[in-house]
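A short worksheet on the structure shown next.
The values are calculated or read from the model by the stated rules, or taken from the named source; none is laboratory data. Everything numeric here is computed off the predicted structure, so don't read it as measured data. Virtual Cβ from ideal backbone geometry, glycine too; neighbours counted across all protein chains shown.
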Amino acid sequence: MNPRLPLEWLRYIAQFGARRDADGWRWKIDPALRFGGFGPWRPEWSLLRLPGLSVPFLGMLAGVEEPMGWATTREILAPHLPADAALHVFADTGHFIHLERPRQVADLVLGFLA
């Protein structure tokens, strides 16, 4: 379903990230993420907490709007970011930035942690 990724990479990801159940294939999701079950959630609730962060912040944002991204843009985030936040927008990249740009994500994270 991702037109930006080569078929070979998608097949590689699927062999580790998906499982076959009786009713078909589905993505493996860590139950610790606890998707659903506690009621409605709105992304702006998290935005309201960002200015108070007291730790370094590295944000990565997809440049391609997709349903899982809640249409978040740099302009929406900017007023909520801590003063010393680092935000990188990946143009031509969708919600799963780490799958589409693994090397660039790794380089950003390693540089940030250094």
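Worth pointing out:
- Pairing residues of segment 3-24 that are over 18 Å from residue 103 (Cα atoms) with residues that are surrounded by 10 or more Cβ atoms within 10 Å (Cβ to Cβ) and not hydroxyl-bearing (Ser, Thr, Tyr), at Cβ distances under 8 Å and at least 6 apart in sequence or on separate chains, gives 18/26; 19/26.
- Every residue from segment 45-98 that is assigned to a helix (DSSP H, G or I), closer than 27 Å to residue 11 by Cβ and modelled with pLDDT under 90: 67, 68, 69
- Of everything listed in (1) crowded, with 16+ Cβ neighbours inside 10 Å; (2) without any contact (Cβ under 8 Å) to a residue 60 or more places away in the chain, the single unmet condition for residue 78 is (1).
- Considering (1) more than 24 Å from residue 17 (Cβ to Cβ); (2) surrounded by 13 or more Cβ atoms within 10 Å (Cβ to Cβ), the lone condition that residue 109 does not fulfil carries the number (1).
- Assessment of segment 19-28 against the conditions (surrounded by 13 or more Cβ atoms within 10 Å (Cβ to Cβ) and modelled with pLDDT of 85 or more) yields no matching residue.
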